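Remarks on the structure that follows.
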Amino acid sequence: TAAQAERLRDVGASSILEHAGTAQAGWLRWANDRIPSRLDWRVLLQRAARSILGNAVGRDDRTRSRPSRRFPEWDVVLPGSKGHTCRLAVILDTSASISTDLLTTFLAEVDGLARASGATVQLIEHDTVVHADRLVRRAPRNALGGGGTDLRAGCERLSAQQPQPDLSVVCTDGL
């Protein structure tokens with residue numbers, strides 16, 4: 001019957017998703033279309049950013065670079081405090097498979113991260129090679145790329161940097 005056929009398709013799609021590392025890309029796309037994710041990536045990103053930014057806001061480092069002016073009559077130098085700024089990084093997939101609408105969505109998320117944190121965001125644009133690695137306070141209007149997809153280039157660039165960012169986000173249409 002038609003109901004049994006639909007149930008078999010659902011079971012097959014679930015099985016493919018369970019073995020995502022060994023399944024062919026075409027079957028993975030079919031299974032993902034058949035059984036959509038129950039989690040919205042925007043909600044997950046918002047939770048992660050809120051957690052990281054919340055931890056960073058409460059983190060202050062003591063410094064003796066400028067004497068405290070709180071008690072000028074004292075002959076004691078009290079340490080001041082220096083707030084911690086978040087280090088954010090976004091690896092942006094700019095391959096040919098990324099549609100203009102999806103790229104616009106990604107760039108809007110970069111803007112949102114920059115606004116929420118008040119910090120500069122390291123933006124790594126890549127397809128098979130890194131085309132741009134820059135610090136931005138606002139997302140650019142367009143991005144460089146348009147070739148194939150290889151996430152290793154952007155991830156290697158990011159992993160080689162010290163210190164590591166507090167939050168790293170990869171914007172892509174699939175892994």
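A few comments on the model shown:
- The set of residues in the stretch 99-143 being closer than 18 Å to Leu88 by Cα, part of a loop (DSSP other than H, G, I, E, B) and touching a Leu at 6+ places or on another chain (Cβ under 8 Å) consists of Ala119, Thr120, Ala139, Pro140.
- Search result, residues across the stretch 144-175 that are open to solvent by 30 Å² or more (accessible area, probe 1.4 Å), outside any strand (DSSP E or B) and of a type in the set (A, V, I, L, M, F, W, C): Leu144, Leu151, Cys155, Ala160, Leu175
The values are calculated or read from the model by the stated rules, or taken from the named source; none is laboratory data. The structure displayed is predicted, hence computed values, not measured ones. Quick reminder, even Gly has a Cβ in these numbers, built from the backbone with ideal geometry, and neighbours come from all protein chains shown. For the accessible areas, the whole protein counts, side chains as well, though only heavy atoms, and no ligand, DNA or RNA atoms are used. Shrake-Rupley method; radii C 1.70, N 1.55, O 1.52, S 1.80 Å.
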